[in-house]
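What follows is calculated from the coordinates using simple rules that are stated; it is not laboratory data. If you're wondering where the values come from, they're calculated on a predicted model, not measured in any experiment. Neighbour counts run over all protein chains shown; Cβ positions are idealised from the backbone, glycine included.
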Amino acid sequence: MQEVITYIEKHGQKNTRPKGCSIFQMAENTTHIYYLKAGWVKIGQETEDGQDITLSIRKAGDLYGLAEVLTHTATRLRYAVSLTEVDYYTLSKEQLEALLKQRPILWKPLSEMMAMRLIETQNFMRAITNLQVPERLAWFLKQFITYKNGRPFVELPMTHEELSNLIGCSRQKVTANLSAWRKAQYITYERGKIELLNEQLFT
C-alpha cells in the first residue's frame, strides 16, 4: 500500500480545503481517487427521502474514493466532506489504471483494503442501528483510540453537535453521556480530546 501512497504523493495533485468543504458529491462523475494527508473527512450518503447517512470517517493516512474507480462506476454513489481543514492528494483514475497495469501486484493490497472497508462500514451501520446511545457513542469513540506514552486518548476535531449528527442522536445525549462518564471517572475530556481512564468502558 505504501507504494501506492508514494506514487500518489509524487504524481498526484495536492489540495487544501477548509472545514465543511465538499470534496466530491453524489452523482458527480468519478474521476479521481484521494489520499488524505492531514485532517478528517466524512463519507456519507443521502437516501431517496433526504436522510443523511454517515458511512465512515477517514483520517490522515487513508485512501478514499476508490470504490467507484475500481468498479468502473461512472458516477459517485457517496459524498465526501471535510470535518476539519484537510490536506489531500488526488490521482486521476487514468493514472491509477496505468499504475495497476504496470504493477498488477498492487491489486492485492488494494483489494484487501476495500474488503476491510466493507466490513468497517457494515460494523458501523450495525452499531448505529442496534446499539443504544451510550453503547453507540462508546463504540464510535473506540474506533479512534490512539496511545500516547501508553495512555489511551481519543482526539476528535468536532463539536458535540457534529458528533451527535454522526451517531444519530441529539447533542444533549452526547453531552449527558460524556458528563456522566467524566463524573464516574471513566474519562477526562476537553474540547475535542478525551483521555480514557477506564478503557474497559470502550471494549
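Structure notes:
- The loop-placed trypsin sites (Lys or Arg not before Pro) in region 107-203, going by DSSP, that have at most 13 neighbouring Cβ atoms within 10 Å of their Cβ come out as R191.
- Counting only alpha carbon atoms, the long axis of helix 93-102 and the longest principal axis of the chain meet at about 70°.
- Nearest-ten-degree value, helix 133-142 long axis tilted from longest Cα axis of the chain: 50 degrees
- Taken along the Cα-to-beta-carbon direction at a fixed 7 Å, the label points for Y189 and H11 span 4.3 nm.
- In the chain, the longest principal axis of the Cα atoms and the axis of helix 171-183 are about 60 degrees apart.
- Pairs over the 18 Å Cα-Cα cut-off, from the set K10/K93; K59/K142; K19/K173: K19/K173.
- Theoretical gain in end-to-end length, M116 to E46 [0.36 nm per residue, Cα-Cα removed]: 22.9 nm
- Charges were assigned to the Cβ only: +1 to each Lys and Arg, -1 to each Asp and Glu. The resulting dipole of the chain about its Cα centre is roughly 480 debye.
- Part-to-part distance (alpha-carbon centres) for region 128-203 and region 36-64, which is given in Å: 19 Å
- Subtracting the Cα-Cα distance of A74 and S92 from 0.36 nm times their residue separation leaves 5.1 nm of extension gain.
- When Cα extents along the principal axes in Å is calculated for this entry, the matching label among (i) 68, 42, 31; (ii) 61, 58, 37; (iii) 56, 45, 30 is (iii).
- Per residue, the average separation of C-alpha pairs within less than 8 Å and at least 6 apart gives region 132-202 a relative contact order of 33 percent.
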